[in-house]
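The values are calculated or read from the model by the stated rules, or taken from the named source; none is laboratory data. Here the structure is a predicted model, which is why all the values come from computation and not from measurement. Because the Cβ atoms are built from the backbone with ideal geometry, glycine has one as well, and the counts that use them run over all protein chains shown. In case anyone asks, the SASA skips ligands and DNA or RNA and just uses the protein heavy atoms, side chains included. Shrake-Rupley method; radii C 1.70, N 1.55, O 1.52, S 1.80 Å.
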Amino acid sequence: MPRVRTASAHRFTARAQRRLWLRAPAAVVALFFVLVAAVLGGCEYSYDDGRGELPAAPVITDPVLPRDPLENVPVSGEELTEWAKDVLPDAEGQVFHTSYGSVSRGRSKTESTKQLPSGTYSLTLVCRSERRVSFTVRDAESALVDLSLRCGTSRVNVVHVSEDSVLRVTVEARSAANFAYRISRI
């Protein structure tokens, strides 16, 4: 006759209890992390520095103003003198050379400064044209500045003259242009 194994019910309940005890700590740890996340997620750091609320920012409906199309058209005569005074405001330090003028389309103009003592100088370059204007500043040995400047902006370069030198400033333009520059000792 076949034999049937018998086991006590007590043995099965002990095994089930053991499994329950193993699952309980994992559930407690998971519940702990959920509660911590809920508490920390609701926290916000704030303090009172005594400054109060910032005023509301003004509403800007048109942040870009169109440029005046005549702003870069070259001028002559008294208008050229006034433009040069406006774009080359009073310089700090000792001014050694200031010049302004006009260049015809496709031409270049070269000017020389008086002899400058060795030292460090601020060179301010400005132009007025519908296109870019090229500036080259040289001493006896090399080019100190060689750049193509977008007109309507000014550019300040710092150059060092190691020995007493005469600087040559060359201005080239593809279209008619006004230029102005100033050399000041720093």
> Which condition breaks for VAL75 when tested against (1) assigned to a helix (DSSP H, G or I); (2) open to solvent by less than 100 Å² (accessible area, probe 1.4 Å); (3) modelled with pLDDT of 80 or more?
Replying inline: (1)
> Do we have any residue at all in the range 100-111 that's part of a loop (DSSP other than H, G, I, E, B), over 22 Å from THR81 (Cα atoms) and open to solvent by 50 Å² or more (accessible area, probe 1.4 Å)?
Replying inline: yes
> How many of the residues making up the range 87-99 are farther than 12 Å from ALA180 by Cβ and either touching a helix residue (DSSP H, G or I) at 6+ places or on another chain (Cβ under 9 Å) or not in a loop (DSSP other than H, G, I, E, B) (or both)?
Replying inline: 3
> With VAL133, VAL158 as the choices, which residue is open to solvent by 40 Å² or more (accessible area, probe 1.4 Å) and under 24 Å from the mean Cα position of the chain (by Cα)?
Replying inline: VAL158
> Could you give every pair whose Cβ atoms fall below 7 Å, whose first residue belongs to the range 89-106 and is charged (D, E, K, R) and at pLDDT 90 or above, and whose second residue is in a loop (DSSP other than H, G, I, E, B) and open to solvent by 70 Å² or more (accessible area, probe 1.4 Å), counting only separations of at least 6 or pairs across chains?
Replying inline: ARG105/ARG174
> Restricting attention to the range 112-136, which residues are part of a loop (DSSP other than H, G, I, E, B), out of contact with any His (no Cβ under 8 Å at 6 or more places or on another chain) and more than 19 Å from CYS151 (Cβ to Cβ)?
Replying inline: GLN115, PRO117, SER118
> Any residue in the range 137-148 that is among the acidic types (Asp, Glu) and within 31 Å of the chain's Cα centre (by Cα)?
Replying inline: yes
